[in-house]
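Every number here is computed from the coordinates shown, using simple stated rules; none is lab data. Owing to the predicted nature of the structure, the values given are computational and were not obtained by experimental measurement. Backbone-built Cβ (ideal geometry, glycine too); neighbour counts: all protein chains shown.
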Amino acid sequence: ISWRWLWVGDIDVIIPAVEGHEESVARCLASFPDVNHIVVKGFPTCGEAWIDGIKRSSADHMLLCADDIEAHPDLDLAVCVEAVEDGYLPAPIVYRPNGSIESAGGDMGAPGCLLTDVQPDWTPVDFTPMPFWSREQARKIRMIPAHYMTDVWASHRGRQLGYETVLRHDYRLIHHHEMVGRRFDTGGDHQIYDEAMSNAES
């Protein structure tokens, strides 16, 4: 991994940990060796865990991660820092464990809400499946306590505040889809998202 001008303490990787995912958590932690880790346990939703992790974070930048995510060997988080410092939110290229592309940014109108054709670096996309924020962006956007729709919220609220979401080619992750113990009910999450957007617009 090339970290260029970054140093330890610049980035906190916040990882909600689901009971029974101990091996996944260990794999995730091992794949991000040169940043700080905040493992959050005991929360029913990803959003609530991220909110707790954000409160505990002291770094200038934070990756809102998941316990079934692994850093790709070619990941360079410096491009994420570059994006947020220029006023953007970065979206990753996400790979499956077999090396195929799962997503290259999100689009609510696309099949599965994910884009699979890799567009040029810095191309605007609808949302990022794995938010990366500066501390200032986290303070302004503020995460919602949902399980799903949190990634959509991060970008849609960010766009309202002037932070366009863009694809960054060297922001690369591997998604292992560890589903044991995961929630599948999304109805309440859509309501939380809708209420948060309505309140933000009022």
Legend entry - Pairwise FRET efficiency - HIS177 versus ALA30, Cβ, R0 = 25 Å, nearest 0.05: 0.85
Legend entry - Chain lengthening between LYS41 and ASP86 when straightened (0.36 nm per residue, less Cα-Cα): 12.9 nm
Legend entry - 5 angstrom amide H check on VAL166, placed H, neighbours 5+ away: LEU89, ALA91, VAL125
Inset, instruction - Pairs of Cα atoms under 8 Å, at least six residues apart: use those to get the relative contact order of the range 108-164, whole percent. - result: 34 percent
